[in-house]
Every structure is written in structure tokens, then in C-alpha cells.
Amino acid sequence: MLFKQQALLRQKLFVLGSLAIGSLLYLVARVGSLDRLQPICPIDGRFGPHGQDEIPLRALQFKRGLLHEFRKGKASKEQIRLHNLVQQLPKAIIIGVRKGGTRALLEMLNLHPAVVKASQEIHFFDNDENYAKGIEWYRKKMPFSYPHQITIEKSPAYFITEEVPERIYKMNSSIKLLIIVREPTTRAISDYTQVLEGKERKNKTYYKFEKLAIDPNTCEVNTKYKAVRTSIYTKHLERWLKYFPIEQFHIVDGDRLITEPLPELQLVEKFLNLPPRISQYNLYFNATRGFYCLRFNIVFNKCLAGSKGRIHPEVDPSVITKLRKFFHPFNQKFYQITGRTFNWP
């Protein structure tokens, strides 16, 4: 009886072992087939205004691994030289606007194998102390990349800082400039919400949005309030146009980037003269977060920080109406200058 039980147990273990090995072999084959679907082949075609050589691309896994190690300072000078990596000045900059979706845009563009992003906001052109350190200091803040990749950084304060257009022009008069905008009143409230959260973390009190956005003496919109002033997009853009032609700007719809990101990213790819590489595979909707997250490959996914998508406080409807009426003529002028129309109230 005992012998039969032992034989039966061995038989069950053999069956379970066979199933486990079979499942493992299937997973290995499956991962291999999916890995072959990743964009590891060279880009067909050229990019850039002067017709540069073809971009030598490599597997996305290699990009996320090796370059990440270099960014953390773990690579030797010999490794950097052997891999032909450089720290190069950006060929495109996301110059604004604050709370328009600059971080989301940067992270999504980084899905493209020909794009390498600066992880932190450098604040070189808008900060006098940093700017005094010189262009070489700025270059050394850039990530390692291959010579024909595009390095992109974002510092949304650039858009509203008066000295920045001339400073960037002196660095590169043909640079490509990205501006991501949202409906101006919504953007102003989002700006306020971020500051409010920071105050609350420090147990500090803060004025209500209505008190800041409306001048109590005149009952008109308070244009001295930074959140309101930033949303007057055309005023800031006109300052940039003194140095750069409108063709060097691309306007991204920040509201659409939230709900339907792929078409917006495809427009940016075209503006940067990049072959299309970002697909719906790279973007998946996270129902819990209420936002699209990023899929680099079968292993590596990424969602934006939890601070994105803060719940806005309730604002007096009459204040919202007043702000929308105030922004309306500025919006119309912005449409005319940029050639892009939005369905803003």
C-alpha cells in the first residue's frame, strides 16, 4: 500500500514538473518573439535641417540600460569613448508652459529611440547664476547620447523669462522650440493648486484662488498674479518672435496629450524630422490613475509621478467666467500667430 502511494506521488511530481518546464519554455519563446517586435533596426531616412547621416539606433533595452548607467556616473572614460557617446547641447527645448504638461511631453518623447532627455530641469537660461557658469557647464548637464540622437531638455520657466530668448538664440539660432499649452483658465487653476499643495505640506495658509486672480480694488482680473500672467500666451510668444521665426516653434495641445496622446506625439515627431517610432503599443491607459502610462518594452513600464493630475479646488463660477472672457482676445491672437486653433471658451 505504501509502495503504491509513493509511486502515485512520484507520478504526480513528474507531471507537475513537466508542466512547469513546458510553461517556462513557452514563456522564453514568447518573450523572444515579443522582443523581436521592438524597434531595434536602424531608422530609415535622415533628419535635421542639414541632412545628417542615418541615426545608429540600438535596442530599447540597451538604451535604457547602458545609458542609464552612464547617467549615474558608473561608466569609465574608456567605456564612453568605445561606445562613441557624447554630452551634446540640446537640438530641441521644451520652453513651456508651466502646468501645461511639460513633464508628460518630455517623458513621452523619450519613448522615441532617437531622443535622449535631460532628467532634471536645468534652469540654465532663466537663472543668472547658472548662466554665468557658461555654456560648457550647461553641456555637461546633458545626458550621454550618440552623436546623431536628439537631446531634449525642458524648463518651463524659459517661456516667461525675458532674458531667455536672446540667450538661447546666442547658443543656437536654429534650435527647435516646443510649447505645450492648456486652456488658460484651467492652467492658471492648476498652477495655483500646485503652490497650494506645497503650502499645505508646510502647514502654511494660503489665499483662495479667487482672491489672487481678481483685484479686490477694481474687481477686474489681476494681471500681476503670476498664474494669470503665465496664461497670456501671446504676450510671451511675441517676445520670442523677436529672435526666432514662427516656423521654429511647435505648439502642443496639452489637453489633448492627456486624453489622446499619440496624435500629438506624431505631430512632434514630424516637427523634429524624426521617423515615426512611437506607437499605440508604447501608450496604455491606466484606469486607476486616469492617465496614459508609458511602455518602453515588455519589461519596462512607467507612469508619471502621483503628483500629476491633482484635484483642483472648487472656484467661483463667476470668476471662471470673468477669466475666460479676459483671456479670449489673447487666445484669438495666439491662434492667428501660431496657426493652431483650440476649442477654448
| query | Any idea which residue in segment 152-167 is surrounded by the fewest Cβ atoms within 10 Å (Cβ to Cβ), counting only those that are part of a loop (DSSP other than H, G, I, E, B) and out of contact with any Lys or Arg (no Cβ under 8 Å at 6 or more places or on another chain)? | reply | Glu163
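Residues checked against (1) open to solvent by 60 Å² or more (accessible area, probe 1.4 Å); (2) modelled with pLDDT under 90; (3) of a type outside the set (Ser, Thr, Tyr):
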| site | (1), (2), (3) |
| --- | --- |
| Ile278 | no, no, yes |
| Leu283 | no, no, yes |
| Thr288 | yes, yes, no |
| Cys293 | no, no, yes |
| Phe296 | no, yes, yes |
| Phe300 | yes, yes, yes |
| Leu304 | no, yes, yes |
| Lys308 | yes, yes, yes |
| Pro313 | no, no, yes |
| remark: If we ask which residues in segment 217-244 are open to solvent by 20 Å² or more (accessible area, probe 1.4 Å) and assigned to a helix (DSSP H, G or I), their number turns out to be 5
| note | When segment 119-151 is checked residue by residue, the ones that are small (Gly, Ala, Ser) and buried (at least 20 other Cβ atoms within 10 Å of the Cβ) are Ser145
| note | If we keep only residues of segment 245-276 that are more than 16 Å from Leu106 (Cβ to Cβ), part of a loop (DSSP other than H, G, I, E, B) and touching a residue at least 24 places away in the same chain (Cβ under 8 Å), then the residue least open to solvent (accessible area, probe 1.4 Å) is Pro275
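Which one is farthest from Met108 (Cα to Cα), of the residues in segment 168-184 that are open to solvent by 40 Å² or more (accessible area, probe 1.4 Å) and part of a helix (DSSP H, G or I)?
Checked segment 168-184; the qualifying residue farthest from Met108 (Cα to Cα) is Lys170.
Any residue in segment 281-293 that is assigned to a helix (DSSP H, G or I) and out of contact with any helix residue (DSSP H, G or I) (no Cβ under 6 Å at 6 or more places or on another chain)? It would help to see each step written out before you state the result.
Taking segment 281-293 as the starting set, the residues that turn out to be assigned to a helix (DSSP H, G or I) are 281-282.
Subsequent filtering for residues that are out of contact with any helix residue (DSSP H, G or I) (no Cβ under 6 Å at 6 or more places or on another chain) retains 281-282.
Among the residues of segment 281-293, at least one is assigned to a helix (DSSP H, G or I) and out of contact with any helix residue (DSSP H, G or I) (no Cβ under 6 Å at 6 or more places or on another chain), which makes the answer yes.
Quick check: is even one residue across segment 105-114 of a type in the set (Asp, Glu) and part of a loop (DSSP other than H, G, I, E, B)?
Step one: filter segment 105-114 for residues of a type in the set (Asp, Glu), giving 107.
Applying the additional criterion that residues be part of a loop (DSSP other than H, G, I, E, B) yields none.
No, segment 105-114 has no match at all.
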| Selection from segment 202-216 of residues that are over 16 Å from His312 (Cβ atoms) and open to solvent by less than 100 Å² (accessible area, probe 1.4 Å) | Ile214, Asp215, Pro216
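The values are calculated or read from the model by the stated rules, or taken from the named source; none is laboratory data. Owing to the predicted nature of the structure, the values given are computational and were not obtained by experimental measurement. Using ideal geometry, Cβ is built from the backbone for each residue, glycine included, and neighbour counts are taken over all protein chains shown. Note: areas computed on protein heavy atoms with side chains; ligands, DNA, RNA excluded. Shrake-Rupley method; radii C 1.70, N 1.55, O 1.52, S 1.80 Å.
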